[in-house]
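The values are calculated or read from the model by the stated rules, or taken from the named source; none is laboratory data. Fair warning: this is a prediction, and the values are worked out from it, not measured in the lab. Here the Cβ positions follow ideal geometry from the backbone for every residue, glycine too, while neighbour counts run over all protein chains shown.
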Amino acid sequence: MEFKDIIVKLRRERGLSQDDLAARLYLTRQAISRWENGYAMPNVETLKALSTLFDVSINTLLGSPREPVCQCCGMPLTDADMARDPDHTVNEDYCRYCRVDGTVQYRTLDEMVDFLVKGHFIPGMSDEAAEAFYREQLPMLQYWREQEAQA
Ligand SMILES: [Zn+2]
């Protein structure tokens, strides 16, 4: 689905008219109408406001062009799994288990690997294979690259 179809769907699911949505965003009804007819797209600030208002990611608003994964544990992220920050924004970089109240819970790669291996999240994989897999994959994620850069 494209943005114009997604915005109509979300607005109707919430029982909002174009006027209602316009009022919440301090915009005109014509602006909403232009989006829904595919003549215009909201700017970045408005996309963020829509994301918070509808509690879905910007990725979802834009028709899911990417497949986000948590930048700490690597799990694929649905909107429901994404962390919510203290200001109620949807955090598209981390899952809600890794990032709690705006802070990532894991400080060291060892700690993260240990948690994932013990969790047996990959069916049928031995602990040794799982550990090797995570030690290879996790350092490529943004969070661990940043940790490495600071070390
Ligand atoms: Zn995570």
| message | Can you tell me which residue is modelled with the highest pLDDT among those in region 54-81 that are closer than 16 Å to Gln142 by Cα and touching an Asp or Glu at 6+ places or on another chain (Cβ under 6 Å)? | response | Gln71
| Restricting attention to region 6-15, does a residue exist that is more than 29 Å from Val100 (Cβ to Cβ) and either touching a strand residue (DSSP E or B) at 6+ places or on another chain (Cβ under 8 Å) or touching a residue at least 40 places away in the same chain (Cβ under 8 Å) (or both)? | yes
| query | In region 55-151, which helices (runs of 4 or more DSSP H) lie fully inside it and hold 1 or more residues that are over 30 Å from Glu36 (Cα atoms) and not assigned by TED's automatic domain parsing to the domain that holds Asn43? | reply | 109-119, 127-137, 142-150
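Please specify each residue of region 95-119 satisfying the condition of being aromatic (Phe, Trp, Tyr) and within 19 Å of Ala149 (Cβ to Cβ). Talk me through it step by step, then tell me what you get.
Step one: list which residues in region 95-119 are aromatic (Phe, Trp, Tyr), which gives 97, 106, 115.
If the condition is that a residue be aromatic (Phe, Trp, Tyr) and within 19 Å of Ala149 (Cβ to Cβ), then Tyr106 is the only one that fits.
So, Leu53, is that one in contact (Cβ under 8 Å) with a residue 24 or more places away in the chain and touching a Leu at 6+ places or on another chain (Cβ under 9 Å) or not?
Yes: the conditions hold for Leu53.
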| said: Taking the criterion of being within 15 Å of the ligand (Cβ to nearest atom), among the acidic types (Asp, Glu) and within 23 Å of Thr52 (Cβ to Cβ), would at least one residue in region 94-110 satisfy it? | reply: yes
